[in-house]
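Heads up, the thing below is written out as C-alpha cells.
Quick note: the coordinates plus some simple rules give every number you see, no bench work behind them. Everything numeric here is computed off the predicted structure, so don't read it as measured data. Reconstructed Cβ throughout: ideal geometry from the backbone, glycine too, with neighbour counts over all protein chains shown.
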C-alpha cells in the first residue's frame, strides 16, 4: 500500500506448509517439520492427516532415477551421511539399498560392505559385521579396513584365534597399520589375563584337593566314621576341619549338636577342638540356664550325656574325656560330620534310656 510503513514483500510467497505453522502449538510445529524432507530426523511417510507425504515420495522416486551405479552411489552417500550423524541403523538401510541396486562397480560394492560392517560393529551385531567384512574382502583382499573390522568383530566375540588371523593377513597388506597393531596388543594382554585366571583357578582346585585329601587322611588315622543324610542340614558352613588344612597331624575341630530330647530343644557349636572335653563344652552352652529350663534341671553337673552308637544303642559319654577319644572309642557315627550329643537331666536319665530302648524295639518289629 502506497504511504504505508509496512515493508514490501519481494520474491515468491512462502510454501503453504510454512504459513500453516504460524497457527500451530510448538509441539505440533516439530511434528510438522519432521514431515518436511529438509528437516526430517526420522522418516515420516504420512502428511499428518492420514495421507501420503507427497514431498517424501517425490524424493524417494528421485533416489531410483539413473543407472544402477548412480542409484547405488546415491544410497551409499546417504548411508555415509547417516553414519556421520551416528544414525547407524539408518546407514545400514541405505548401504543395503545401495547393494541391492546391483551396480557393476566392484569398488562401490566393496565400500558398502565394509561400511555396513562398521555400522554393525557399532551396533554390536558382530556376526553380521564379520559377514559384511568377509564379503568386502572377497572383492578386494587388500582392504585393510575390512581386515581390521573383521578382526575387531571376532575380538568382541572372544574368538581370539580368528581375530589374530585377520590381523596377520591385514598386516601383510600394511605392515605398519596402527589399528591392527593396537588390536594385536590388546589381544596379547587379554590372553595373558585369561592364562593368569586359568593358572589361579587350577592352583585353587589343586589346593582344595590337597586339603580334602589331607582331611581324609586325618579322619582315617583317627578312625572317624562319617555318614551323610539324604538332605544335609543347614550347619551355617560349619564342618570338620584341621587347624592346618595341609597337616593331617594338626588339631581337628568338630561341629557339635547338643540335643535336649525331653524338651525338644538344641544348641549348636560350630567348632570344638578335639582336645577339649565334653565338660568344657557343657560349661559353655549351659553357662546360663536356658530360658526353656523352667525347672532348672540343666546344669553342667546335673545332666547325663549320651551318644548313639553305630548299632543304634546308647552309650554314656564321659565328661572328662577329650572328643578325639569319644569319637574313636565310642563306636559312634558322625551323621553329616556332626557329633550329636543327647543331654538329659540325671533325675530323668533312667526313664529316657528305657523309652529309647522301647522305641528302638518297636521300630525293629515294624
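Brief remarks follow.
- Burial ordering of 161, 267, fewest other beta-carbon atoms within 10 Å first: 161, 267
- Whole-Å distance, taken between Cα centres, linking segment 313-335 and segment 122-187: 70
- Residues 339, 187, arranged from fewest to most other Cβ atoms within 10 angstrom of their Cβ, appear as 187, 339.
- Divided by 2.2 N^0.38 Å, where N counts the residues, the Cα radius of gyration of segment 241-365 comes to 1.10.
- Across all directions, the shadow cast by the convex hull of segment 139-182 built on its C-alpha atoms averages 2.7 square nanometres.
- Reduced Cα scattering model of segment 174-236, Debye log10 I(q)/I(0), q = 0.24 Å⁻¹: -1.01
- C-alpha center-to-center spacing [segment 199-246, segment 79-116] in angstrom: 62
- Average Cα contact separation per residue, segment 241-365, under 8 Å, 6 or more apart, as relative contact order %: 26
- Taking max minus min of the alpha-carbon positions on each principal axis, segment 167-288 gives extents of 86, 32, 30 Å, largest first.
- Sorted from greatest to least, the principal axis extents spanned by the alpha carbons of segment 287-337 come out as 34, 21, 19 Å.
- Segments 191-202, 70-81, 172-183 sorted - mean Cβ within 10 Å per residue, highest first: 70-81, 172-183, 191-202
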